Amino acid sequence: MSSLDSKAGAVTDVDYIEAIATVNEHWDDLERYCDPSFTGSTFRIKQLDTVGMSEMSTLRNHNVVEVVDEYGGRVLDYRFTSFGEDVIDIVRGIDSDTLPETNQFQTIRNNREVIDSLPGEAGVEFEAGEFDISAASIRSLRESGMIERVEQNDYAADVWQTTEELTAIKVWL
């Protein structure tokens, strides 16, 4: 059982994990704009704070915050959604170094079945054919640091191995 399972039930949705990583990435900004409790209060992002508007747009896309009131122009009041409050509680209780990098989520989305089928331990060697992995998936997983080539063969299948990165991601999934 992962650390998330005990806090939020069975967390297996990539969108949920991505929201956690996004909140973690914007934690310092949230502390600057919001009440330290992150609950029950609204906060305002003003017209001149274009960085804050951009960050809030990202958090809105992940259903972490919602617009409460608009005052015309670029002044908006936000509040956390109940989902956002759950995510904040989880972020407070985790080691953020174990979160997948935000640039890895597209790879996770596109290769979820492949990731689930691979062994969860680092250093396990395999050939792509053993798990019916396409060349595109191999490339994507390699570029995301989830697997690495051990042996390149001209007339036989290449040998790959799982990495610590994949092990950490599988804990979240």
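Can you give the percent of C-alpha pairs in the stretch 89-173 whose distance is more than 18 Å?
The proportion of pairs with Cα distances above 18 Å equals 40 percent.
For the residue pair E113 and R44, what label-to-label distance in nm results when each label sits 7 Å from Cα along the Cα-to-beta-carbon direction?
About 5.2 nm separates the two model spin labels.
Convert each backbone phi in the stretch 108-120 into a coupling constant with the Karplus relation 6.51 cos²θ - 1.76 cosθ + 1.60 (shift: θ = phi - 60°), then list the ³J(HN,Hα) values in order as whole Hz, x for Gly and Pro.
Using θ = phi - 60°, the values come out as 4, 4, 6, 10, 4, 5, 5, 4, 4, 7, 6, x, x Hz.
For the peptides 131-139, 83-91, what is the packing order when you average, over each peptide's residues, the other Cβ atoms within 10 Å and list the highest mean first?
Ranked by mean Cβ neighbours within 10 Å, highest first: 83-91, 131-139.
Go through the stretch 121-134 residue by residue and turn each phi into a ³J(HN,Hα) via Karplus (6.51, -1.76, 1.60, θ = phi - 60°); whole Hz please, and just put x for glycine and proline.
8, 6, x, 7, 8, 7, 9, 4, x, 4, 10, 6, 9, 6
Under a plain spin-label model, where a point goes 7 Å from the Cα along Cα-to-Cβ, how far apart in nm are N153 and D97?
The two pseudo-label positions are separated by 3.7 nm.
How do the peptides 108-116, 22-30, 151-159 rank, highest first, by the average count of neighbouring beta carbon atoms within 10 Å per residue?
Ranked from most to least packed, the peptides come out as 22-30, 108-116, 151-159.
Bear in mind that the values in this text are calculations on the coordinates, not laboratory data. All values derive from a computational prediction rather than experimental measurement. Cβ coordinates were reconstructed from backbone atoms using ideal geometry, including for glycine residues, and neighbour counts include every protein chain displayed.
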